[in-house]
Amino acid sequence: MRSAFGVETVRAAERELMARLPEGALMQRAAAGLAAACAELMGRVYGRRVVLLVGSGDNGGDALYAGARLARRGAGVTAVLLSPERTHPGGLAALRRAGGSVHSAQDDEGDTAVERAIRSADLVVDGIVGIGGKGGLRPDAAPLAELAESSCAAVVAVDLPSGVEADTGEVRGAAVRADLTVTFGTHKPGLLIDPAREYAGSVRLVDIGLSLPDEAEAEALQHADVAALLPAPGAESDKYRRGVVGIAAGSSRYPGAAVLAVAGALRGGAGAVRYVGPAGDAVIARFPETLVSDQGPKRAGRVQAWVVGPGAGDDVQSVAEVLAQDVPVLVDADGLRLADRDLVRARKAPTLMTPHAGEAAALLGVSRESVEAARLQSVRELSERYGATVLLKGSTTLVASPGGGPVRVNATGTSWLATAGSGDVLSGLAGSLLASGLSALDAGSVAAYLHGLAGRFAADGAPVGAHDVSESIRRAWRDVMS
């Protein structure tokens, strides 16, 4: 499990550790890890040209001490100081002793030299702003970030790319785009959640000895975590003990949504799938093992969980019948629009809602752009408003439970998953995991992980259809369990 902690939690842990260490020891730990990561990225240190973008905080000190280490190994290191009078004095002295040169970003004469240094650099280290930065880069720093991005240099961010917000993953202005972010002690939510995640590049975690709480602000499952949660039949299992998932989906206009939701459900670990809706013939033609009914959800027979909404059109009655049942329910697509909020909030059994950004925006009464810019806030707000677990689909899928707790961030996926029907497969898969006995949080998180992994396998760098994704779920499952 990759855990991420917010700024105040990290700072409290740093203060506690610094009280037990000699002065400056914690910064030296960070600088050593940063220098090692930079050296590894460059491959060779001697003769390389390194530019440090140095702000007034501890991130600037980390960059200066790391730059001194690289200079002692033969790199040509230049520091560009954004606030010369507030630069970390120990770090600056160390760089100068190691033979590094210094420019002020505020000097008119230095502008040409600074630009020349960045454009000819092999590596640019971003130590402009620390994890407490808000609202994007200041006007004097933004041109440096632009120069670094347009240069041929690799860009390494110290702890977090300057200009992105550590706690939320929001980017509210100009920001550094890094090829590598070297973060200290723990991940920060902004390193896991878009849009900030996109600015971070690859992330390398350097352990500096922080003692952190048991419960994180955000967490990302890894293979071992998913493997531990996946249902596995025992010697005494039968199809009913493994769980039966009901699928109320599809319409005369969208029969394919029903087929794809059933496809996902059949590969999700439940023992049987019951389908209810007008697309029964299409479902049976593709998946003859499905139990089909045309009597509506209320008369479909016993299930351990329901999926309702994909391609359902205006079938309000089916949505209401499903929500009235005392079993876990997943609501997706048209079901999100048709579900009565008070009815959802009144449910005793778990509810899992799976909107994309546009659907979440409609439920929250805001623009899609607002949701995409503040994904963490949006998923939490929607979860509290409906009293349901919410899986917000997107470039980073988030899963939040009502009442708080860590938000799960999905680390798998590919942009090729942005294709018609992909969400229907995900709904069926997650519904099957619900029927197998997983909690709404675990079912949503595990389904998103497998779905993203299946998307990668199916696409393999080329366009992919939703049916291809469903066919690759078994490969993803085996990969996780291997």
Subset of region 122-168 that is in a loop (DSSP other than H, G, I, E, B) and among the acidic types (Asp, Glu) - its residue that is nearest to ALA218 (Cα to Cα)
ASP167
Need the failing condition index for GLU198 against (1) outside any helix (DSSP H, G or I); (2) under 21 Å from LYS134 (Cβ atoms), just the number.
(1)
Is it the case that region 152-168 has a residue that's within 19 Å of VAL114 (Cα to Cα) and surrounded by fewer than 18 Cβ atoms within 10 Å (Cβ to Cβ)?
yes
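If the requirement is being closer than 20 Å to LEU426 by Cα and either aromatic (Phe, Trp, Tyr) or open to solvent by 10 Å² or more (accessible area, probe 1.4 Å) (or both), which of these qualifies: GLN295, GLN317, GLN304?
Working: GLN295 fails: closer than 20 Å to LEU426 by Cα; GLN317 fails: closer than 20 Å to LEU426 by Cα.
From the options GLN295, GLN317, GLN304, the qualifying one is GLN304.
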Can you tell me which of GLY250, GLY264, GLY256 is open to solvent by 10 Å² or more (accessible area, probe 1.4 Å), at pLDDT 95 or above and not β-branched (Val, Ile, Thr)?
GLY256
Among (1) crowded, with 24+ Cβ neighbours inside 10 Å; (2) in a loop (DSSP other than H, G, I, E, B); (3) out of contact with any helix residue (DSSP H, G or I) (no Cβ under 7 Å at 6 or more places or on another chain); (4) not β-branched (Val, Ile, Thr), there is one condition ALA462 misses while meeting the rest; what is its number?
(1)
Can you tell me which residue in region 3-39 is nearest to VAL407 (Cα to Cα), limited to those that are touching a Leu at 6+ places or on another chain (Cβ under 9 Å) and open to solvent by 70 Å² or more (accessible area, probe 1.4 Å)?
GLU16
Return the pairs, sorted by first residue and then second, in which the second residue is surrounded by 10 or more Cβ atoms within 10 Å (Cβ to Cβ) and of a type in the set (Phe, Trp, Tyr), the first residue lies in region 8-23 and is under 17 Å from VAL206 (Cβ atoms), the beta carbons are less than 8 Å apart, and the residues are 6+ apart or on different chains.
ALA13/PHE5
Which of the strands (runs of 3 or more DSSP E) contained wholly in region 256-324 include at least 2 residues that are within 21 Å of VAL469 (Cα to Cα)?
272-276, 305-308
Residue check, SER472 against (1) among the hydroxyl-bearing types (Ser, Thr, Tyr); (2) within 23 Å of GLY269 (Cβ to Cβ); (3) touching a strand residue (DSSP E or B) at 6+ places or on another chain (Cβ under 9 Å), all met but one. Which one?
(3)
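The values are calculated or read from the model by the stated rules, or taken from the named source; none is laboratory data. None of these values were measured; they are calculated from a predicted model. Note: ideal-geometry Cβ built from the backbone for every residue, glycine included; neighbour counts use all protein chains shown. Surface accessibility is based on the protein's heavy atoms, side chains included, excluding ligands, DNA and RNA. Shrake-Rupley method; radii C 1.70, N 1.55, O 1.52, S 1.80 Å.
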